[in-house]
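Report on one structure; see the data block that follows.
The values are calculated or read from the model by the stated rules, or taken from the named source; none is laboratory data. All figures in this text were calculated on a predicted structure; none of them were measured in a lab. So basically every Cβ, Gly included, is an ideal-geometry build from the backbone, and we count neighbours across all protein chains shown.
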Amino acid sequence: MVKKKNFSDNSKSTDFVNSLPESTIETSKIEKRCKFNLSYFDGAQTAGQDFSGWSYNSGNASLTNLLAKFKEYTLQPLNYWKNQRVGGGGLKVLEYYGDFPDNSDFKHPKHVPADAHWARFRLGNKVRLVGFVISKDALKNMPEEEQEKFCHNTFYVVFLDKDHKFYKTETA
């Protein structure tokens, strides 16, 4: 008779089992996590900054903070962040504006769709990440099968705003 090996005390097999992924794409809820798209980014306007300018900053207007916020924000859908509040005044983490604001030091870039639904993430104090989302209202005249091609859980980054110059009537 062959004696069976006991692997319960084998640290290599235990380490291997503990290293296996806990979920699959199907069970990971990846479809609920928001995404950031940088293809509409405009770092050329004088009111804003580009990424190279933020690479030398520290604090809220730094690339390190921006990437940490990307990591934090992508754990949840966009709708989650519109209901979360931060700061002493209780401002929302994600605020939807709709139209491009009248009182802004920025200009609506030509490469950004006219019907973009403008929004911002509050990164801290006066620092904002400005961009847009695709609203369902913008697609209402399309056939339903065409509407399904668009993601409503993607934030299209357009501006880095360290000095709160995009929507100037909002309290910093």
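Within region 114-172, which residues are among the small types (Gly, Ala, Ser), surrounded by fewer than 13 Cβ atoms within 10 Å (Cβ to Cβ) and closer than 17 Å to LYS35 by Cα?
Applying the first criterion (among the small types (Gly, Ala, Ser)) to region 114-172 yields 114, 116, 119, 124, 131, 135, 138, 172.
Checking the rest, the ones that are also surrounded by fewer than 13 Cβ atoms within 10 Å (Cβ to Cβ) come to 114.
None; the set is empty.
Is region 32-43 home to any residue that is among the small types (Gly, Ala, Ser) and either at pLDDT 95 or above or under 24 Å from HIS117 (Cβ atoms) (or both)?
yes
Could you grab me the full set of residues in region 143-172 that are among the aliphatic types (A, V, I, L, M) and modelled with pLDDT under 95?
ALA172
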